[in-house]
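The values are calculated or read from the model by the stated rules, or taken from the named source; none is laboratory data. Because the structure is predicted, anything quoted here is derived from the model rather than measured. Don't worry about glycine lacking a Cβ; one is built from the backbone with ideal geometry, like all the others, and counts go over all protein chains shown. Side chains included, ligands, DNA and RNA excluded: accessible areas come from the protein's heavy atoms. Shrake-Rupley method; radii C 1.70, N 1.55, O 1.52, S 1.80 Å.
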Amino acid sequence: MKSYTGALFNSGPVERLLDLAARCQESSDASPLDDDLRRFIRIVENSNAAHWACPISTVAALLEFLGDIVDGDSAPFVPVEFQQRVLRVADGVDGGEYLRTLAGIIRILAQGPVADYTELPMAAWEARILFPRLGGFGANWIYDGEYSSFEDSVRAAIDSEHPYCPEFLSPLAAEAQTALILFPDQESFRVNISEQIPWASIASVRELLALINDHMRHEH
């Protein structure tokens, strides 16, 4: 199969959904698949860019289309990796039927309101997608204990990028502010952010923003 055709199967939303299905099936700690599908829908619906590029209705249609291909005359040309992935998550169900069923579930879930974070807290994989820079900040500047204080870690990070700070600090500050706005109280912040990004608390994220703003006011 040509590489650009194979990408229908082995990248994009289909790959993401099958990976979520495998995670839910293989991990006893994972949440039910319906919950992760609702999180997937939430990511798309809460992002104008994601919704513009590939709305949920298109994702469901693609799953259904690929289900028909898996069952049809073109089945021998379906990438082996995709066949193996579907077999792993279908758990004895016909591959095409599983994909069409998954499409139907997504359509049903998408008809309801987007899941609130109070009702359905973020999973670790969702936090990695929505707050990659906050998560990466801990791995790069905090967890190895190179600096004696959080403030020293932040200042070292800023100095490492100066004078090209806007490219580094703008998206980091945006994620920090988004986290504070979405989760303004200690408990919701803990459940949705701190459990996934251990260094982050309301206090530490506020300090991060204050240091970024101070640097941008006085050095730029």
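Taking all protein chains together and a probe of 1.4 Å, list W52, W141, W199 from the most accessible to the least accessible. Mind dumping the intermediate values first?
Values: W52 215, W141 50, W199 25 Å².
Listed by decreasing accessible area, they come as W52, W141, W199.
Mind pulling the angle between the C-alpha long axis of helix 95-111 and the longest principal axis of the chain? Nearest 10 degrees, somewhere in 0 to 90.
The answer is roughly 50 degrees.
State the answer as a single residue: which of I193, V154, A61 lies farthest towards the positive end of the charge dipole of the chain, with beta carbon charges of +1 for Lys and Arg and -1 for Asp and Glu, about the Cα centre.
A61
With only Lys, Arg, Asp and Glu charged, each at its Cβ (+1 for the first two, -1 for the last two), find how big the charge dipole of segment 103-149 is about the Cα centre; round to the nearest 20 debye. Present the calculation step by step, with values, prior to reporting the outcome.
On the way: 3 positive and 5 negative charges, 45 e Å.
Using Cβ point charges on Lys, Arg, Asp and Glu, segment 103-149 gives about 220 debye.
Provide the solvent-accessible area of R85, counting protein heavy atoms only and rolling a 1.4 Å probe, rounded to the nearest 10 Å².
Solvent-accessible area, nearest 10 Å²: 40 Å².
For segment 94-197, what is the charge dipole size about the Cα centre, in debye to the nearest 20, if Lys and Arg each add +1 at the Cβ and Asp and Glu each add -1 at the Cβ? Walk me through the numbers on the way to the answer.
Details: 6 positive and 16 negative charges, 72 e Å.
Its charge dipole is roughly 340 debye.
Computed FRET efficiency, Cβ-Cβ of D214 and D144, R0 35 Å: what is it to the nearest 0.05? Display every interim value, and only then the final one.
Numbers: r = 25 Å, r/R0 = 0.70.
Rounded to the nearest 0.05, the efficiency is 0.90.
Probe radius 1.4 Å, ligands and nucleic acids left out: which of Y143, Y164, Y117 has the largest accessible area, and how do the rest follow?
Numbers: Y143 115, Y164 155, Y117 35 Å².
The residues order as Y164, Y143, Y117, largest area first.
Any chance you could give the angle, 0 to 90 degrees and rounded to 10, that helix 80-90 forms with the longest Cα principal axis of the chain?
90
Pop out the carbon and sulfur fraction of the accessible area of segment 118-169 as a percent, whole number, probe 1.4 Å. Don't skip to the end; give the middle numbers.
Values: 1500 of 2900 Å².
Reported share for carbon and sulfur atoms: 52 percent.
Roughly how big is the chain's charge dipole about its Cα centre, with Cβ charges of +1 (Lys, Arg) and -1 (Asp, Glu), in debye to the nearest 20?
Rounded to the nearest 20 debye, it is 380 debye.
Taking Cα centroids, how far is segment 106-185 from segment 35-65 in Å?
22
Just from its helices, what would the mean residue ellipticity at 222 nm be for the chain, if runs of 4 or more DSSP H residues each count -39500 (n - 2.57) and the sum is divided by every residue, rounded to the nearest 500 deg cm²/dmol? If you can, show how the numbers build up before the last one.
On the way: 13 runs with 155 residues, N = 220.
Calculated at 222 nm, the ellipticity per residue is -22000 deg cm²/dmol.
Please list V93, V80, V191, V14 from largest to smallest accessible area, probe radius 1.4 Å, with all protein chains kept in place. Walk me through the numbers on the way to the answer.
Values: V93 60, V80 85, V191 35, V14 0 Å².
Largest accessible area first, the list is V80, V93, V191, V14.
Roughly what angle does helix 165-182 make with the longest principal axis of the chain, taking Cα atoms, 0 to 90 degrees, to the nearest 10?
80
Determine the per residue accessible area of the chain with all protein chains present and a 1.4 angstrom probe, expressed in square angstrom. Mind dumping the intermediate values first?
Working: 11890 Å² over 220 residues.
On a per-residue basis, 54 Å².
Can you tell which of A179, A53, A103 shows the greatest fluctuation in a Gaussian network model of the chain with Cα springs below 10 Å?
Among A179, A53, A103, the largest mean-square fluctuation in the Gaussian network model of the chain belongs to A53.
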